[in-house]
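Structure, as structure tokens:
The values are calculated or read from the model by the stated rules, or taken from the named source; none is laboratory data. Here the structure is a predicted model, which is why all the values come from computation and not from measurement. Cβ sites come from the backbone with ideal geometry, for glycine too, and all protein chains shown count toward neighbours.
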Amino acid sequence: MSNPFTVSLVCWHDGEPLLRSIREAVFIREQGVPAEMEWDGLDEGCRHALALSHSGGAIGCGRMLSDGHIGRIAVLPQWRKQKVGTAIMEALLDYARAHDYKQVNVDAQTYAVPFYRRFSFVEQGDVFMDAGLPHIRMRLELLPR
């Protein structure tokens, strides 16, 4: 059975309204991240993954900075536990491999560590607070194709 959604890589210019709607719902409203922290001015230089339902609604997103830092992985609550986050991560990791990144990293919220471990990310250092939420840096070494 195929997924009831698709994931595409987009630039901020093309995806901004949809990407913004997901991140506002998840990070700002649900998790209480201050808007000035969420909108950090880095989106223009990122590659974004955007998940859309088959009816065209935005349901999840993520981004990768030019230095290989993956972040802002968000999935709307009603779409969680349906492999949307997995598909977003796979799209970003495929992009990193296709562009010869040697490694990628995430600053994972601590509750999400098991999710990133499934992709073979490994914790680096100690837990730290970001936007009032506990995080830990994780790294994944990418093997050449």
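For Arg145, the conditions (1) modelled with pLDDT under 95; (2) within 15 Å of the chain's Cα centre (by Cα); (3) exposed (fewer than 14 other Cβ atoms within 10 Å of the Cβ) are fulfilled apart from (2).
Matching residues to (1) under 25 Å from Gly125 (Cα atoms); (2) at pLDDT below 95:
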| residue | (1), (2) |
| --- | --- |
| Cys11 | no, no |
| Gly15 | no, no |
| Glu24 | no, no |
| Asp43 | no, no |
| His69 | yes, no |
| Met89 | yes, no |
| Gln103 | yes, no |
| Tyr111 | yes, yes |
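Residue pairs whose Cβ atoms lie under 7 Å apart, separated by 6 or more positions or on different chains, with the first residue in region 72-88 and assigned to a strand (DSSP E or B) and the second among the polar types (S, T, N, Q) and modelled with pLDDT of 95 or more, do not occur. Could you grab me the full set of residues in region 2-54 that are over 14 Å from the mean Cα position of the chain (by Cα), of a type in the set (D, E, K, R), part of a helix (DSSP H, G or I) and under 17 Å from Met64 (Cβ atoms)? Result: Asp14, Glu16, Glu44. Here Asp130 does not fit the description of being without any contact (Cβ under 8 Å) to a residue 12 or more places away in the chain and exposed (fewer than 15 other Cβ atoms within 10 Å of the Cβ).
Note on region 97-145: residues that are under 18 Å from Leu65 (Cα atoms) and small (Gly, Ala, Ser) total 2. Go through the residues of region 115-124 one by one and say whether even a single one is modelled with pLDDT under 95, in a loop (DSSP other than H, G, I, E, B) and loosely packed, with under 13 Cβ neighbours inside 10 Å. Checking region 115-124: not a single residue is modelled with pLDDT under 95, in a loop (DSSP other than H, G, I, E, B) and loosely packed, with under 13 Cβ neighbours inside 10 Å. Restricting attention to region 98-112, the residues that are under 19 Å from His48 (Cβ atoms) and either exposed (fewer than 14 other Cβ atoms within 10 Å of the Cβ) or in contact with a Lys or Arg (Cβ under 6 Å, 6 or more places away or on another chain) (or both) total 4.
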